[in-house]
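Step one of this worksheet: look at the structure below.
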Amino acid sequence: DTCKALERRGISTTYLPVGKDGLVDLGALENAIRETTALIAVMLANNETGVLQPVDEIAQIAKQRGIIMLSDAVQAVGKMPLSVQKLGIDLMPLSAHKMYGPKGVGALYISSRLSKSKLVTQVTGGGHEKALRSGTLNVPGIVGFGKAAEIALDRMSDEGHRLAALRDALEDGILSLGGAQLNGNKERRLPHVSNISFEGVEGKAFLIAINKELAISSGSACSSITTRPSHVLTAMGLESELARSTLRFGLGRSNTAAQVDFAIQYVKDTVEKLRKKRLG
Ligand SMILES: *Cc1c(COP(=O)(O)O)cnc(C)c1O
């Protein structure tokens with residue numbers, strides 16, 4: 001949407017394809033670079049599939065060509081170790097509430113390599129935040145964000161292993177149903193996200209039935225008000241009907257093995273019930 005807004009101002013953009021596994025094609029990326037390319041933006045971890053993009057390799061390509069590299073790391077920060085220096089990223093947005101911090105506060109990492117003159121002031125006024133975003137700072141939000149980051153870092157390793165084990169159990173249980181497929185690269189991904197499509201169920205009825213007992217969406221919260229299939233899944237080659245009958249499971253700090261067992265049974269029962277109904 002930001003790219004579309006830029007296009008309306010006459011800036012030309014290229015949208016890169018992804019493979020079936022959700023990974024950006026590096027060859028296509030290199031081919032898309034032009035003399036005038038100013039910025040490459042590739043998210044670090046996809047919010048619907050958890051797939052981790054080859055951001056380090058992309059940043060290297062960007063650096064060689066003198067292009068700014070932006071990577072949205074909102075979904076990954078606090079869930080996995082990452083270093084902006086090692087990855088070679090110039091701009092990295094973060095959000096507090098995705099790591100159990102307060103809503104309404106985020107951050108933008110700006111590499112010291114990047115000339116400040118390249119950044120446009122978002123809000124003019126008293127010159128706060130290096131004159132990029134004026135306005136009195138949200139101190140409780142900032143302190144809460146800092147504390148949330150501290151806790152996330154402290155628990156990251158243990159929590160990462162715990163969530164990956166819960167996710168694997170969830171996937172094994174649900175996929176034993178048959179007619180269900182896991183979306184996205186299975187190796188390169190975050191520990192707490194799982195994206196599964198179910199054949200033979202109608203998307204809307206499925207979501208309504210599932211949400212009686214489980215808090216699960218078919219895609220991202222940002223587009224939950226639309227009935228369009230997920231653009232992430234259709235870009236990966238899923239037919240729109242299958243994309244609509246997809247669940248995006250997100251596991252978190254409060255989830256337990258007992259809840260995962262319940263979720264497996266509930267999803268299986270619901271899918272079987274809906275499939276039977278559909279067959280009449
Ligand atoms: C949640 C999310 C955002 C939006 O951040 P908000 O602070 O909720 O507006 C952006 N990118 C990704 C990958 C996200 O998961």
Quiz item: Which residue, of 114, 166, is more than 16 Å from the ligand (Cβ to nearest atom) and touching a Leu at 6+ places or on another chain (Cβ under 6 Å)?
Solution: 166
Quiz item: Hey, residue 245 hits all of (1) more than 14 Å from residue 183 (Cβ to Cβ); (2) open to solvent by less than 20 Å² (accessible area, probe 1.4 Å); (3) of a type in the set (S, T, N, Q) but one; which does it fall short on?
Solution: (1)
Exercise. For region 206-216, indicate whether the set of residues that are among the β-branched types (Val, Ile, Thr) and over 21 Å from the mean Cα position of the chain (by Cα) is non-empty.
Key: yes
Quiz item: Can you name the residue in region 33-45 that is of a type outside the set (Lys, Arg) and open to solvent by 30 Å² or more (accessible area, probe 1.4 Å) and is also farthest from the ligand (Cβ to nearest atom) among such residues?
Solution: 35
Quiz item: Could you say whether any residue in region 218-228 is at pLDDT 95 or above and either within 16 Å of the ligand (Cβ to nearest atom) or farther than 26 Å from residue 163 by Cβ (or both)?
Solution: no
Practice problem: State all residues of region 94-108 that are open to solvent by less than 80 Å² (accessible area, probe 1.4 Å), in contact with a Leu (Cβ under 7 Å, 6 or more places away or on another chain) and more than 8 Å from the ligand (Cβ to nearest atom); if no residue qualifies, say none. | Solution: 107
Practice problem: Give me a count of the residues in region 46-87 that are open to solvent by 30 Å² or more (accessible area, probe 1.4 Å), within 16 Å of the ligand (Cβ to nearest atom) and farther than 21 Å from residue 157 by Cα. | Solution: 2
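The values are calculated or read from the model by the stated rules, or taken from the named source; none is laboratory data. In this text the structure is predicted, and so the values were computed from the model without any measurement. Cβ coordinates were reconstructed from backbone atoms using ideal geometry, including for glycine residues, and neighbour counts include every protein chain displayed. Remember, those area values only see protein heavy atoms, side chains included, never the ligands or the DNA or RNA. Shrake-Rupley method; radii C 1.70, N 1.55, O 1.52, S 1.80 Å.
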